[in-house]
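*Asks:* To start, I am sharing the structure in question, which I have written as structure tokens.
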Amino acid sequence: MPSIVTDARTFIAERAWGSRDLAEIDGASVRLHWTDQPYVWHVNDGPEVFVVLEGVVEMRFREGGVEKSARLEPTDMFIAQVGDEHVAHPIGEARILVIERKGSV
């Protein structure tokens, strides 16, 4: 049965980075996250697609040991590959769609 998500712009989790599982596709999870706090620096064990749905996120990442950042606004995407160290810092509240290997950090 198909699903329709109509509250992506207003979804609020009980805690920062809380999420709602939307789907699992061939071992990948699709989650809607809400946050108002930074995540932690991490490296995924598989690719990750990070899509800002609502709000603004400063995505910090390291390339060759040098820290860089990009300001992501609604519809902007950050695509991390295996080994890409990164951390998301929302500016206020943000709602984010994350697609990554099931069980990834």
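Readers should treat all values here as calculations from the given coordinates under stated rules, not as data from a laboratory. Source: prediction; values computed, not measured. All Cβ positions, even for glycine, are placed from backbone atoms using ideal geometry, and neighbour counts span all protein chains on display.
*Asks:* Please compute the modelled spin-label separation between D7 and A23, points set 7 Å along Cα→Cβ, answer in nm with one decimal.
*Replies:* Label at A23, label at D7, 2.0 nm between them.
*Asks:* Still on this structure, I have one more. List the chymotrypsin sites (Phe, Trp or Tyr not before Pro) in the stretch 9-41 that DSSP assigns to loop (not H, G, I, E or B) and whose Cβ has at most 15 other Cβ atoms within 10 Å. Which are they?
*Replies:* Here the chymotrypsin sites (Phe, Trp or Tyr not before Pro) that fit, given the DSSP loop and packing criteria, are W41.
*Asks:* Test of understanding: what is the full-extension gain from R71 to R101, defined as 0.36 nm times their sequence separation minus their Cα-Cα distance? All intermediate terms of the calculation are to be shown ahead of the outcome.
*Replies:* Numbers: separation 30, 0.36 × 30 = 10.80 nm, distance 2.44 nm.
Contour length minus the Cα-Cα distance gives 8.4 nm.
*Asks:* How many nm separate the modelled label positions at D84 and H42, each set 7 Å beyond the Cα in the direction of the Cβ?
*Replies:* 1.5
*Asks:* Starting at 0 and stepping by 10 Å, how many percent of the alpha carbon pairs of the chain end up in each bin?
*Replies:* Pairs per bin, as whole percents: 15, 49, 30, 5, 0.
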